[in-house]
Structures are given as structure tokens and as C-alpha cells.
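All remarks here apply to the structure that follows.
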Amino acid sequence: MNRGLISGLVLLVIGIICGLMLALVNYFTAGRITEEENKIKYAVLEEFYTLSEYEISETQGEGSFSTIYFLKEKGTDNVEAVIYTVSAKGYSSTTDVEMLIAINSDMSVEGYKVTTHQESSGFGADIVDNNFGVDEIDDLSNFQAVSGVTVTSNAIKTCFTLVSQRVISDLGGGSGE
């Protein structure tokens, strides 16, 4: 028999065995991984609100929005706050700047946090904990860009702009779910 064919069959069998082992490991760990991801996600959301005081629903966003969290007054349909996971193109060509932006029902900004980026160290990466001067989502005129990191500042302003364009329909017209 041809040695190349035998080698190919051996590689095929090894590949199938490895694939089955990977599927088995995934089967047993998927729940735990999801649980850990949720702990991390909700720990970040706790930076803005005491989550035990609200009923939380989450929905998948579209386009620049990945996940949107609606915080409702317990026992009602009153949306008290919305937390957006939104992203925009920064300086990095591989990873967008992703933020969580928490908005209260009165359009005030409860807080914001950059959660993902690959901006340049010493430049864009250093401004992610910056105060950008945004207190009301429907008034971005006080946005404070950081000199020297224009592209990253623009990405963060784009995130705020996207939320400002969407939040009125989510808070004014129900949860948008």
C-alpha cells in the first residue's frame, strides 16, 4: 500500500480522535465557562448599579451594539436604566474599542468603562479610564477628547454618539425588546 495513503489515514484518525476529545471537554466545561463569563460580566455591571435592586433583561444588539441590559424596577415594566455594550473603530486595526455605557431613565450618564481595546501603549491605551466630561447622553457638547490620541478619542465619542441616537427609543418607547 502507498505510504502517503497510510500517513493520510493515520492523520485522519488522529484528527477525528482529537476532535471527539475536544467536543467531550467542551460538553463538560461549557456550563462552567458560561457561569464564569456571567460572573465577570455582572461584576462590571455592578460598578454602575446594585443589580439585586432590579430585574435585568438582556438582548443582543445589532451593528455596533453587542449586548444591551435593561434594568427594570422590580415588579413593573418601568425601565430605570439601560447599559449598552457598544464598540467603534479605534487606532488598532485588529480590535475595536468596546465600552459599557450606563444611562439612567432621565438621560443622565451613570458611568462608562472601556472593556476591550488594543490601542497603543503610552497613547490610546492610557486614556481608557479618562473622564470625557459626558454627564447627559443627549448633550455631547462637553465631550473632552484627549490631545495626541485623536483616533482613540474619536472612537470613544462615536460610542457615546451611537448610544445617544438609540437611547431615546429604548427608554422613551419601552425596552425595545
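The values are calculated or read from the model by the stated rules, or taken from the named source; none is laboratory data. Only a predicted model underlies this, so the values are computations on that prediction, with no experimental measurement involved. Cβ sites come from the backbone with ideal geometry, for glycine too, and all protein chains shown count toward neighbours. SASA here: full protein model, heavy atoms, side chains in, ligands and nucleic acids out. Shrake-Rupley method; radii C 1.70, N 1.55, O 1.52, S 1.80 Å.
For the reader, a short list of remarks on this structure follows.
- Of Val149, Val79, Val13, the residue with the greatest mean-square motion in the GNM of the chain, using alpha carbon springs below 10 Å, is Val13.
- Check: the chain dipole with +1 on Lys, Arg Cβ and -1 on Asp, Glu Cβ, in debye: 1140
- Sequence-ordered 3J(HN,Hα) estimates for segment 53-67 from the Karplus curve with 6.51, -1.76 and 1.60 and θ = phi - 60° stand at 8, 10, 8, 10, 10, 10, 9, 7, x, 10, x, 6, 9, 9, 10 Hz, glycine and proline given as x.
- Value of [θ]222 nm, deg cm²/dmol, for the chain, DSSP H segments ≥ 4, -39500 (n - 2.57) each, nearest 500: -13500 deg cm²/dmol
- Farthest positive-ward along the chain dipole, Cα basis, beta-carbon charges - from Thr95, Ser153, Tyr54: Thr95
- Probing with 1.4 Å while keeping every protein chain in the model, the per residue accessible area of segment 68-109 equals 39 Å².
- Once the chain from Tyr27 to Leu9 is taken as fully extended at 0.36 nm per residue, the excess over their C-alpha distance is 3.8 nm.
- Sites matching GluC sites (Glu not before Pro) across segment 34-69 that sit in DSSP coil, with at most 15 neighbouring C-beta atoms within 10 Å: Glu46, Glu47, Glu62
- For the chain, the alpha carbon convex hull comes to 167 Å³ per residue, rounded to a whole number.
- Residue by residue, segment 21-33 carries 3J(HN,Hα) couplings of 5, 5, 5, 5, 4, 4, 4, 7, 9, 4, x, 5, 4 Hz when phi is fed to the Karplus relation 6.51 cos²θ - 1.76 cosθ + 1.60 (θ = phi - 60°); x denotes Gly or Pro.
- Distant-in-sequence amide H partners of Tyr91 (H built 1.01 Å from N, under 5 Å): Thr152
- Virtual spin-label span in nm between Ile40 and Met107, 7 Å along Cα→Cβ: 3.6
- For segment 77-117, a Kirkwood hydrodynamic radius built from all Cα pairs, placed in the Stokes-Einstein relation at 4 °C and 1.567 mPa s, yields a translational diffusion coefficient of 116 µm²/s.
- To put it simply, the accessible area of the chain at a 1.4 Å probe is 53 percent carbon and sulfur.
- Leu5, Leu20, Leu45, ranked by accessible area, largest first (probe 1.4 Å): Leu20, Leu5, Leu45
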